[in-house]
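This report refers to the structure that appears directly beneath it.
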């Protein structure tokens, strides 16, 4: 297994904590944008990251909020919906990847969950020359708003088949996008893909998408 490295990333005026893992001969690196009330320690994102690493893809999982901000957000739940701020930090993290010697020559993908999915799309719209692919898991791409038509990176939207409201929101976003895109509905899966085998399906879909475009 590739070794995980703890990193500190200066992005949008704050210092973010991250975990970078680079397999030998990595063909790209995927930056994770965690979802509402989650962190880089999310077991679901870690499971997806492990599958990507097995497919010769590097991963960078970061906390999009500082410890102080997380403490506030636990009470108020408003920072996790500040899509512009989260996107600013994703752009900063992608700048960091582009500047680091170990990752400077790797194409960058974004994997977003829940509100992280919309932040990933906004970041991709801002950096079309850098972001090569996007995958959203149970995301809220509708919250990306006016950025959606400007996303150039091929985008895969993955939604659970039982997550009816989020399917509708993803369809609305899909219709506004103009890039290469696909809406993948995983049958009999809920919002968090907690049912046996469903998260594995998500991980495989993400791995194949990133391997194709990175």
Legend entry - Cβ-derived FRET efficiency at R0 30 Å, residue 84 paired with residue 168, nearest 0.05: 0.80
Legend entry - Cα-projected label distance for residue 175 with residue 66, points at 7 Å along beta-carbon direction, nm: 4.2 nm
Inset, instruction - Would you look at the GNM of the chain, springs on alpha carbons closer than 10 Å, and say which of 157, 183, 86 moves the most? - result: 183
Inset, instruction - Neighbouring Cβ atoms within 10 Å as the yardstick, rank 21, 15, 59 fewest first. - result: 15, 21, 59
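What relative contact order, as a whole-number percentage, does the range 4-213 give when Cα pairs under 8 Å and 6 or more residues apart are counted?
Working: 465 pairs, mean separation 39.2, N = 210.
Computed value for the range 4-213: 19 percent relative contact order.
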Inset, instruction - Sort 7, 30 so that the residue with the fewest other Cβ atoms within 10 Å of its own Cβ comes first and the one with the most comes last. - result: 7, 30
Inset, instruction - Pick out which of 201, 167, 158 has the largest mean-square fluctuation in a Gaussian network model of the chain, springs linking Cα atoms closer than 10 Å. - result: 201
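Order by neighbour count: 182, 211, 198, fewest other Cβ atoms within 10 Å first, most last. Kindly include the intermediate steps, with their values, before the conclusion.
On the way: 182 13, 211 16, 198 19.
With the fewest neighbours first, 182, 211, 198 line up as 182, 211, 198.
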Legend entry - Rounded D (µm²/s) - the range 4-213, Kirkwood Rh over Cα pairs, Stokes-Einstein at 4 °C, 1.567 mPa s: 78 µm²/s
Inset, instruction - Take every DSSP beta bridge whose two residues both sit in the range 4-213, then give the antiparallel share in percent to the nearest 5. - result: 30 percent
Inset, instruction - Could you work out which residue, out of 98, 71, 120, moves most in a Gaussian network model of the chain, that is, has the largest mean-square fluctuation with Cα springs under 10 Å? - result: 71
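Bear in mind that the values in this text are calculations on the coordinates, not laboratory data. On a predicted model such as this, the values are computed, not experimentally measured, just so you know. Positions of Cβ are generated from backbone atoms using ideal geometry, with glycine treated the same way; all protein chains shown enter the neighbour counts.
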